[in-house]
Amino acid sequence: MDFKTPIENIKYIGEKQSKKLKKLKIHTLGDLLFYFPSHYEDFSQITEMKDLKINEDAVIKGKIMELNEERSFKKRISILTILLQDDSSNIEAIFFNQGFLKNSFQKGDELIVAGKLKFKEKSLYFSPTIFEKTNKNELTHLGKIMPVYRETKGLSSKYIRFVLKPLVDSFKGKLPETLPDKIIKEHDLMSFNEAFEQIHFPKTMEMAEKAKKRFIFEHLFFISLSSLKKKYEIKNEKAQKIEIKEDVIKRLKDSLPYKLTSAQEKVAKQILEDLNIPHPMNRLLQGDVGSGKTVVAGLIALNCIKNKTQAVLMAPTEILAKQHFKTLFDILKKFNVNVGLLTGKEDKYYSYKLKTDTIEISRTKLLEKCANGEIDILIGTQALIVKKTSDKKPKVLFKNLGLVVIDEQHRFGVKQRKELCIENNDKIPHLLSMTATPIPRSLALTIWGDLDLSIIDKMPKGRKQVKTSIVLPIESEKTYKFIEKELKKGNQCFVICPRIEEDENSKLDLKNVKDEFENLKKIFPKFKIDMLHGKMKPKEKDEIMKNFKKKKFDVLVSTSVIEVGIDIPDATVILIEGADRFGLAQLHQFRGRVGRSEKQSYCFLRTESPTKNTIQRLKAMEKHASGFELSEIDLKLRGPGDFFGVKQWGFSDYVMSALKDIKLVEEAREAAKKVFLKLENYPLTQKRLESFEDKVHIE
Ligand code: ADP
Ligand code: MG
């Protein structure tokens, strides 16, 4: 049997069980062997019967003295009473509705039973949860530390233990070590074989912990190794060397109505230097909402264009694409640059800015101009550029694409990058991903470890911090009064709801956009209100955002669809309903919708469930203005599962929680770096890396 053996071929696994195992994503022997316990219960201590305490978990061991089955006619259940005796005392264990057990027990058998001593109707008895006869060769469940596995309906932990025990026994001592010896020594790790045995059937809780640590380390190590390998592979590809045109850069900076912040200068320098080598850049530019990433992108793009290459910028939505088109055109117009905008599915939305005029041209024309190199920078949504699996060709071709800039999306594959070019097919365009989603350091080192990182850690001068406060249900009136005052000043307000409409099947009473829209009309009768949600057509959404920007109405009720980068300078208030439903990173994004001018702005976080946990989390929003700090807090409080892209890796829960441990992550990354340089010396590690990469797919 090898690891790839389908579970159907394993002893004791029938068709029924294999279906259920597959629900737990266990398809092969390997999956099963490495299906690790979620936790353990310590049954290694046997309590003497005389020491039992009422309602406390305990394990007892005794001889069966008497067996007696009764039927309760009223309730139609069987009651099996077994009198057990040890050296100290005796006690009756009562099994309800398990009369069938009678035939498997005999007087004189020795039993180990876990459960609780109960006191009911004036008598004491032992209520068992699990039990086992001791006259088997070796106990699988009791008398030791018992692994508890994540179960699914009809498939118990007990069954998993039962199937696993003989398998673990047959494999123990025979598995290849996947980590180099020196790493094991340096980091004081358990060997693979020992850890494999101890994680399933540990001798002590300490051994279980050590085994777990070994596998967590191993996993973090291979994640790091895999991202280092990717990084290395990309660095081995060819790209156009983009020279730094100091004069143009200076002219652009001089033309801006503001001075770049030191943080913008720093990242621009990092990026320019990275482009100045003939290998593809693969870089993530992180900066809080409003930190000024767009102008950095504009500067970089201009430098590429002056190196006779084209650039493309992709935004996550049409509204944003248009906003970028306008911003970049304003920045670049003095430099004789042709800017194209490509959005929408029909032939309506294509604009082409030639020096100072916008002209609308057909899609075909625009694509032509892209392919012949006339367009210097094309802005659009990514849908138009990323190839759909159904059609072979990418939708847009460039004559000589030098730079891909992506807003709010972290990955763009090498293959995708290659496909965009017609002339320099052996060269790959440089990639700059931009994000306002702060990535905690442990994730930046692991699953985003193939990307180089530039961080804008300072805001432009003069920005006022958004005043943030938690609103409890009883404070509603006060909040609405406050909002009304802002509206009277001519300011605008966002209201975010977790749902689009009422969900009658849900027990949770969450605010929804449609009802809130009606409700707010009554609360603010003098003001105009509109709504926005994900079920609307893109065109409709676009229209509403445009109208809000033009101040055609005062309050916008919306779901989370307004999450990314739109500029509404007069919006000074955002009220987030059901704030506890959102992660801190997302709340922080919402908050970034306001405070985009010199005016003081406000963010209200309303929660209907003011539990200690919720308040603790939301208080972090009151206290911290920096997305980076919030992301680290979010990671600690909620784990990494909510971060964009993390779920795709399909990590087990314990690796997920390990990602909270920055020290271990750093250790594993350092170890991986050392090994990576001489990977060919460690064939087993290399082999494991390959199978690891087969399993986890990103992009
Ligand atoms: P984000 O990083 O969220 O994409 P933007 O690029 O949209 O931020 O910039 C937000 C606003 O800040 C824009 O109006 C932009 O013109 C302005 N801005 C950018 N850099 C500076 C700066 N150094 N000083 C002052 N304002 C700036
Ligand atoms: Mg932006």
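Some observations on this one:
- Think of each Lys and Arg Cβ as +1 and each Asp and Glu Cβ as -1; about the Cα centre, that makes the dipole of segment 370-496 roughly 280 debye.
- Short-range pairs are left out: with C-alpha atoms under 8 Å and at least six residues apart, the relative contact order of segment 45-143 is 28 percent.
- More than 24 angstrom apart: percent of Cα pairs within segment 467-624: 27 percent
- Apportionment of accessible area to carbon and sulfur, segment 246-456, percent (1.4 Å): 53 percent
- Relative contact order %, segment 467-624, counting alpha carbon pairs below 8 Å whose residues are six or more apart: 31 percent
- Fraction of the pair-distance distribution of segment 1-145 above 24 Å, Cα-Cα pairs, percent: 47 percent
- Ranking of His624, His279, His588 by solvent-accessible surface, largest first: His279, His624, His588 (1.4 Å probe, protein heavy atoms only, all chains present).
- For segment 533-647: rounded, prolate or oblate by the Cα gyration tensor [a/c cutoff 1.5]: prolate
- Of the solvent-accessible surface of segment 467-624, computed with a 1.4 Å probe and all protein chains present, 50% belongs to carbon and sulfur.
- Calculated [θ] (222 nm, deg cm²/dmol) that DSSP helices of n ≥ 4 give over the chain, each run adding -39,500 (n - 2.57): -11000 deg cm²/dmol
- Rolling a 1.4 Å probe across all protein chains gives Tyr35 an accessible area of roughly 30 Å².
- For the pair Val148 and His39 in one chain, pulling the backbone fully straight at 0.36 nm per residue adds 38.7 nm over the alpha carbon distance.
- Those residues of segment 461-503 whose amide nitrogen sits under 14 Å from the label point placed on Ile615, 7 Å along Cα→Cβ: 470-475
- Put Phe73, Phe494 in order of accessible area, highest first, and with a 1.4 Å probe you get Phe73, Phe494.
- Calculated accessible area for the chain comes out at 49 Å² per residue, all protein chains present (probe 1.4 Å; ligands, DNA, RNA ignored).
- Computed over the chain, the ratio Rg/Rh where both radii use C-alpha atoms and Rh is Kirkwood: 1.06
- Cross-link partners for Lys551 among the aspartates and glutamates, with Cα-Cα distance under 13 Å and sequence neighbours closer than 8 places in the same chain left out: Asp530, Glu543, Asp567, Asp570.
- Checking the cross-link pairs Lys306/Lys674; Lys334/Lys458; Lys229/Lys663; Lys19/Lys63; Lys133/Lys210; Lys230/Lys365 against a 32 Å limit on the alpha carbon distance flags Lys306/Lys674; Lys19/Lys63; Lys230/Lys365 as lying beyond it.
- Full-stretch length increase - Lys535, Asp87 - with 0.36 nm per residue and alpha-carbon distance subtracted: 154.2 nm
The values are calculated or read from the model by the stated rules, or taken from the named source; none is laboratory data. Since the model is a prediction, treat every value here as computed from it, not as a measurement. Neighbour counts run over all protein chains shown; Cβ positions are idealised from the backbone, glycine included. Surface areas here come from the heavy atoms of the whole protein model, side chains and all, with no ligands, DNA or RNA. Shrake-Rupley method; radii C 1.70, N 1.55, O 1.52, S 1.80 Å.
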